[in-house]
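The values are calculated or read from the model by the stated rules, or taken from the named source; none is laboratory data. These numbers come from a predicted model, not from an experiment. Please note: Cβ atoms are built from the backbone with ideal geometry, for glycine as well, and neighbour counts cover all protein chains shown. Please note that ligands, DNA and RNA were not included when accessible areas were found on the heavy atoms of the full protein model with its side chains. Shrake-Rupley method; radii C 1.70, N 1.55, O 1.52, S 1.80 Å.
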Amino acid sequence: MTQLAAPRNTSPGRDLPAAVVVGLVLLGVVAASLFVRKEAFAVVAVVAVGAAVWELAHAFSRRSIHLPLLPLLVGTAGILVSAYAAGTEALFVSFLLTVGGAVVWRVLDGNGEPALRDATAAAFAAAYLPFLGGFVMLMLAEPDGALRVLVFILLAVACDTGGYVVGTLLGRHPLAPSVSPKKSWEGLLGSIVLASVVGVVGVQLAFGGEPLVGVVVALGVVVSATLGDLAESMLKRDLELKDMGRLLPGHGGVLDRIDSMLLTAPTVWVLLTVLLPSGG
């Protein structure tokens, strides 16, 4: 089971050139969609989160947990679009409607313990994926939303990259050996350093903010991204999976790419809203 839970950088047979190419293509698509038209990025987000929901449903089926996929996919689009179009209240209302719809859909298909298990898993899936992803849409909706989302993504990538490089080269002391054996305290330090650099530069260039603000946002990203990554590692360990899917060559599944971003999204939204209010 330890082998199945190994992180991305130690997975046997990982195609590194494919991973680099796919990563660059994804960054290009995200950047193009952000600065051509913000609604284009919203479409990219709906597709990505919808794919992650599909992967999670497939993974849960290994434990005989069957998510009501159709209402969750419809709800995913509704949550993300509502958050972008109408703000925080719409995000919460659409999330509650999605959970309610998924529960009713599952109960109509049968009741008892399996229905309770599936309905509970559906509520988890809605909260874990589209609800947390909705905070990206809240950032996008701001007048300078494209820059906010870009800084958010670059910080998440910097955290992941810094942790990977330093952890691979210098990692000696496990961070959470029972969850993700290859994550190290040295890698965490690498995440802090690179994310802080990106945070300082990004906040200054995008918003004219103080360097200290960039460091604070970066530290928030490191904490939330690390917890998000560890949470998905625990989930994959319980499901006896190495990757959540195979949609992205060299990376695994979509959920494997956005796991650390899920908890990071509300963290960055809160910090930027408080420290760098739009138009301030």
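Structure notes:
- The HN-Hα couplings worked out from phi for the stretch 97-112 by the Karplus form 6.51 cos²θ - 1.76 cosθ + 1.60 (θ = phi - 60°) are 5, 5, 4, x, x, 5, 5, 4, 4, 5, 5, 5, 8, x, 10, x Hz, whole numbers, x standing for Gly and Pro.
- Sulfur and carbon atoms: percent of accessible area, the stretch 150-255 [1.4 Å]: 71 percent
- Karplus-derived 3J(HN,Hα), 6.51/-1.76/1.60, for each residue of the stretch 201-216, Hz, glycine and proline x: 5, x, 5, 5, 6, 7, 10, x, x, 6, x, 4, 4, x, 5, 4
- Charge dipole (the stretch 113-177, unit charges on Cβ, about Cα centre) - positive-most of Met139, Gly167, Leu155: Gly167
- The HN-Hα couplings worked out from phi for the stretch 265-270 by the Karplus form 6.51 cos²θ - 1.76 cosθ + 1.60 (θ = phi - 60°) are 4, x, 5, 5, 4, 5 Hz, whole numbers, x standing for Gly and Pro.
- Backbone amide hydrogens, once placed in the peptide plane, bring Ser184 within less than 5 Å of Leu175, excluding anything fewer than 5 places away on its chain.
- The stretch 35-134: proportion of alpha-carbon pairs further apart than 23 angstrom, %: 24 percent
- Accessible area (Å², per residue) of the chain, counting only protein heavy atoms and a probe of 1.4 Å: 47 Å²
- Charged side chains reduced to their Cβ positions (Lys and Arg at +1, Asp and Glu at -1) give the chain a dipole of some 460 debye around its Cα centre.
- Isotropic mean projected area of the C-alpha convex hull, the chain (nm²): 14.2 nm²
- Candidates Tyr84, Tyr128, Tyr164, ranked by Gaussian network fluctuation over the chain, Cα under 10 Å, top entry: Tyr128
- Computed over the chain, the per-residue total of -39500 (n - 2.57) for DSSP H runs of n ≥ 4 gives a 222 nm mean residue ellipticity of -25500 deg cm²/dmol, rounded to 500.
- Each part gets one Cα centre, and for the stretch 137-156 versus the stretch 26-89 those centres are 16 Å apart.
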